[in-house]
Amino acid sequence: MAEPTRRRAGTLAVALAILGLLAVTVGTLLTATRPAPDRVQELAERLRCPVCKSVSVAESPSDTATAMRQVVAEQVAAGRTDREIVGFFRARYGDWVLFDPPTRGSTLPLWLVPLAAAVLGAALVLARVRRRRDAPTVEPTDDERARVEAAVARARAAGTAEEDEP
């Protein structure tokens, strides 16, 4: 009877050891810092080129963007945080240098206008659908039905006459 209990205890110990190693591995992977080139690329993609305006610093071929990428790389190498590096560029160029501007004060319209346009568009579509659904159905008059039936009969007769001709 003691043998199965020992076997279970051994299996449980191995399972707990494996689970512990797995937890340490996952924790290490989740908290590991990104390699410097990845950080430089990611930060450069978040910054707008002051020359090209609609292109990120990472994609822009301009001399200014090249210099900005160099500054980002130097600051990453110096151990500065992402927040500090972004703050450095915001201090020099303002919030517009960010492709994802903060939601405050002067940048609030950048976030609210698209939302308001979407709500307005949805309201207009809904109103149009309701108007169509609530529109009264109009039945054709006897005269209109007679004209349609006569036109259909003429079309059928013309189609039959064309089929008879060689």
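One table, with the values for the structure above:
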item	result
Within region 57-95, tally of residues that are more than 27 Å from the chain's Cα centre (by Cα) and among the basic types (Lys, Arg)	2
Residue within region 77-84 that is surrounded by 11 or more Cβ atoms within 10 Å (Cβ to Cβ), closer than 21 Å to residue 45 by Cβ and not assigned by TED's automatic domain parsing to the domain that holds residue 43 present	no
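Okay, residues lined up against (1) assigned to a helix (DSSP H, G or I); (2) at pLDDT below 90:
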| residue | (1), (2) |
| --- | --- |
| 18 | yes, yes |
| 23 | yes, yes |
| 30 | yes, yes |
| 34 | no, yes |
| 41 | yes, no |
| 54 | no, yes |
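Quick grid of which residues meet (1) among the polar types (S, T, N, Q); (2) modelled with pLDDT of 95 or more; (3) over 30 Å from residue 46 (Cα atoms):
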| site | (1), (2), (3) |
| --- | --- |
| 60 | yes, no, no |
| 70 | yes, yes, no |
| 90 | no, no, no |
| 113 | no, no, no |
| 133 | no, no, yes |
| 139 | no, no, yes |
| 155 | no, no, yes |
| 163 | no, no, yes |
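The values are calculated or read from the model by the stated rules, or taken from the named source; none is laboratory data. Just so you know, these numbers come straight off a predicted model, no measurement behind them. In this analysis, Cβ positions are derived from the backbone assuming ideal geometry, glycine residues included, and neighbour counts consider all displayed protein chains.
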